[in-house]
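One structure below.
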Amino acid sequence: MNKPQPRQTRLYKAKRTVSIVGTGSYLPERILTNADLAKIVDTNDEWIVSRTGIKTRRIAAANEFTSDMAAKAAQAAMQQADITADEIDLIIVATITPDTVFPSTACTVQKKLGAKRAACFDIVAACAGFLHGLEIANNFIANHGCNTVLVIGAERLSSITDWSDRNTCVLFGDGAGAAVLRSRSGGHGIIATHLGADGDYGDILAMPGGGCRNPITKENVDQRLNTIKMMGKEVYKQAVTSMLTASNLVMEQSGLKPKDLACIIPHQANMRIIEAIAGRMGVPTTRFVINLDKYGNTSAAAVAIALDEANRTGRMKLGDYVLLVAFGGGLTWASLIVQW
């Protein structure tokens, strides 16, 4: 009788700290103003600004797709991080507007970057998608599964916007943001994260058509089911509650107070939401990174773009604590505190 062999065990490695070592973003050239929208639907600049804070948004060119914008944002992040494509172990693209259902947009980005070593996948968490991607990357690197991860939030929301609905068409824009994550000696990096969801509220912000449950047919195509539908008042209430709770959770985890944060980078959906969160946190809106007036709501790209702008304009210094928080359809939400 053969003697049983000892079970092979994996060599234990202590978890590593994970830092954001480079950021990048890309916005399409075309600017759609509130005055432009007033020519399409019954609206005006005062109505839009007073309710949302949005003045302009960017719209992708006819031949410009999610993967194109994602790749350009990624290249900017890679340049800042001083890495080459062959150093990337994993590419994560957060999007609700993929080039195709499959293959994933991440695979298309891999081709555009020439990152042949990288594993690739997309994630769908709507506006909270980029933060979900950061948490996934954090775990891969901390547990030695990867050394270098590229996380991208990219959207071509103009392709799923109902341009006849004045309540939603004024909100959305196109763009992409990216971050390179690595373990960095001497850097504290990501110190607290939180992810959450509540499917009971999935119908208040959704695209009801286009999936296997409700495919687009010649009989229903005029219903525009493959465009964004939103119950604005309910979304506002859930967004404020979820983002505030998520922010408090990561501050509690990290032992920080609002006064300790150098800046807060929230999802760029609506100025009223940001003002409500700022008021309940007791933090002036000047401490928030806000660019929604220029770009509108770019879903998974919003926090990523704002993070890059904050990074490149010196809003964060080495050692600063930064809070990122987002909310999206699903419902999904996420928060993260990083020491820069």
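The values are calculated or read from the model by the stated rules, or taken from the named source; none is laboratory data. Note that the structure is predicted; figures quoted are calculated from it, not measured. Heads up, the Cβs are rebuilt from the backbone with ideal geometry, glycines too, and the neighbour counts pull from every protein chain shown.
When 324, 307, 318 are checked against the criterion of being at pLDDT below 95, closer than 30 Å to residue 184 by Cα and not assigned by TED's automatic domain parsing to the domain that holds residue 33, 318 stands alone in meeting it. Could you list, in sequence order, all residues of segment 247-262 that are assigned to a helix (DSSP H, G or I), within 27 Å of residue 313 (Cα to Cα) and not basic (Lys, Arg)? Answer for segment 247-262, where residues must be assigned to a helix (DSSP H, G or I), within 27 Å of residue 313 (Cα to Cα) and not basic (Lys, Arg): 247, 248, 250, 251, 254, 258, 260. Residues in segment 119-138 that are more than 18 Å from residue 183 (Cα to Cα), small (Gly, Ala, Ser) and not in a loop (DSSP other than H, G, I, E, B): 119, 126, 128, 129. Among the residues of segment 75-96, those that are surrounded by 21 or more Cβ atoms within 10 Å (Cβ to Cβ) and part of a loop (DSSP other than H, G, I, E, B) comprise 88, 95, 96. Taking segment 299-340 as the range and being of a type outside the set (A, V, I, L, M, F, W, C) and assigned to a helix (DSSP H, G or I) as the test, the residues that pass are 299, 308, 309, 311, 312. Note on segment 253-301: residues that are over 13 Å from residue 322 (Cα atoms) and not small (Gly, Ala, Ser) amount to 24.
Table: residues versus (1) in the same structural domain as residue 276 (by TED's automatic domain parsing); (2) out of contact with any strand residue (DSSP E or B) (no Cβ under 7 Å at 6 or more places or on another chain); (3) free of Cβ contacts under 8 Å to residues at least 40 places away in the same chain; (4) farther than 19 Å from residue 180 by Cβ.
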{"residue": "38", "(1), (2), (3), (4)": "no, yes, yes, yes"}
{"residue": "44", "(1), (2), (3), (4)": "no, yes, yes, yes"}
{"residue": "48", "(1), (2), (3), (4)": "no, yes, no, yes"}
{"residue": "83", "(1), (2), (3), (4)": "no, no, no, no"}
{"residue": "98", "(1), (2), (3), (4)": "no, no, yes, yes"}
{"residue": "110", "(1), (2), (3), (4)": "no, no, yes, no"}
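Filter segment 41-74 for residues that are closer than 17 Å to residue 298 by Cα, of a type in the set (S, T, N, Q) and more than 17 Å from the chain's Cα centre (by Cα); which is surrounded by the fewest Cβ atoms within 10 Å (Cβ to Cβ)? Across segment 41-74, the extreme among qualifying residues is 56.
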